[in-house]
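> Quick one: this structure, given as structure tokens, is what I'll be asking you about.
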Amino acid sequence: MLKVFLISGLLIISTTLLGQPTSKSVSPQVYDTVKLDPTYFILGTLSDYMGRFSYVNKKFQIDRYYSIEKPLVEYLNFLITNELKINVTTVPDNLSEVSLYETFSPELSSILNSYFIGDYLSLKNLKNQPELNYSYLAGRYYRYGDRINDSIYKIQLANSSDHKICDTLLRRIGCTKIHFKYLKNIPAQFIYYFIPTSRLEEYFNSLDQEKTKLEDLYNDFVKPKHAFSDTTLKKIEAIKEKKYQEIIDLFKK
């Protein structure tokens with residue numbers, strides 16, 4: 001049973017972290033034009049599994065992260081310290097059954113929580129400005145996204161209470177080719193496949209280096225730890241490629 005669970009989990013995670021196409025070459029000049037708004041970017045990275053405060057439920061807590069997300073934690077802490085001038089405390093969650101990090105800050109948790117009404121991120125509290133929309137979607141892509149080919153991207157969220165915000169913001173910035181897919185799994189999966197505008201793609205491309213760090217850590221620790229056979233990994237890769245080809249064919253119509 002554990003093996004089946006791990007294979008199922010790997011299928012979900014690997015579609016985000018494994019086998020991504022080689023990053024397209026983007027000049028440093030393009031990167032120079034991208035200015036992430038740190039607050040909206042962090043909002044985009046926040047977990048909302050079963051709602052904002054189902055698992056992020058401690059005083060002054062910002063979020064929680066799996067150990068394989070350590071590069072993400074480090075990058076976010078860098079942004080928070082250097083852009084927002086706020087100190088963050090990162091501690092391991094020793095009571096959890098899995099290895100987790102938790103981050104805390106009285107000031108930042110108050111700022112982030114002000115965008116929520118109960119467990120839900122409020123669209124009314126999000127300013128409709130292009131650079132803010134781009135920053136939020138970049139955060140979503142950074143933690144929960146993937147590039148399927150040279151033009152198609154996806155954002156995949158598990159048991160998300162706020163997944164529809166992705167759809168709203170993608171349409172606000174001018175994305176017209178969006179395909180939503182709901183998987184009634186455990187946990188349930190909300191997947192948005194889309195072709196980004198050229199400007200949004202610049203925001204995504206500016207995160208290539210950080211995305212690669214997440215992918216490398218996953219490859220280095222998760223796959224060897226669970227010791228999947230080459231045959232199993234090939235089956236997983238074949239399933240993933242079939243799913244991706246179905247999406248590519250869909251966007252050709």
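> Need one word for the stretch 178-253: rounded, prolate or oblate. Basis is the Cα gyration tensor (sqrt eigenvalues a ≥ b ≥ c); a/c below 1.5 gives rounded, then a/b vs b/c decides.
Oblate, because a/c is 1.5 or more while a/b does not exceed b/c.
> Here is a further query. When a/c reaches 1.5 or more, the comparison of a/b and b/c decides; with that in mind, is the stretch 99-253 rounded, prolate or oblate per its Cα gyration tensor?
Oblate, because a/c is 1.5 or more while a/b does not exceed b/c.
> Ok, one more. Tell me the relative contact order for the stretch 104-253 as a rounded percent, counting alpha carbon contacts under 8 Å between residues six or more apart.
19 percent
> Sticking with this structure for a sec: Gain in length, residue 85 to residue 164, computed as 0.36 nm per residue apart minus the alpha-carbon separation, to one decimal in nm?
Taking 0.36 nm per residue and subtracting the Cα distance, the gain is 25.3 nm.
> Follow-up. What's the FRET efficiency of residue 53 with residue 179 using the Cβ-Cβ distance as r and R₀ = 30 Å, to the nearest 0.05?
The computed FRET efficiency comes out at 0.50.
> Hey, another quick one. Please give the peptides 245-253, 75-83 ranked by average Cβ packing (other Cβ atoms within 10 Å per residue), highest first, as a rough proxy for protection.
Ranked by mean Cβ neighbours within 10 Å, highest first: 75-83, 245-253.
> Can you flag which of 85/243; 127/154; 59/240; 59/243 are past 31 Å Cα-Cα?
Pairs exceeding 31 Å: 85/243; 59/240; 59/243.
> What does the extension gain come out to for residue 238 and residue 127, with contour length at 0.36 nm per residue minus their alpha carbon separation?
Extra length from residue 238 to residue 127 when fully extended: 35.8 nm.
> Would you mind ranking 134, 142 by Cβ crowding within 10 Å, fewest neighbours first?
142, 134
> What ranking of 240, 58, 154 emerges when the number of other C-beta atoms within 10 Å of each C-beta is taken as an exposure proxy, fewest first?
58, 240, 154
> Taking other Cβ within 10 Å of each residue's Cβ, how do 43, 84 sort, fewest first?
Ordered by Cβ neighbours within 10 Å, fewest first: 84, 43.
> When the chain is fully extended, how far beyond the present Cα-Cα distance does residue 114 get from residue 35, taking 0.36 nm per residue of separation?
26.2 nm
FYI, it's all coordinate maths here, none of it is from the lab. What you see is a predicted model, and the numbers here were worked out from it, not measured in a lab. Using ideal geometry, Cβ is built from the backbone for each residue, glycine included, and neighbour counts are taken over all protein chains shown.
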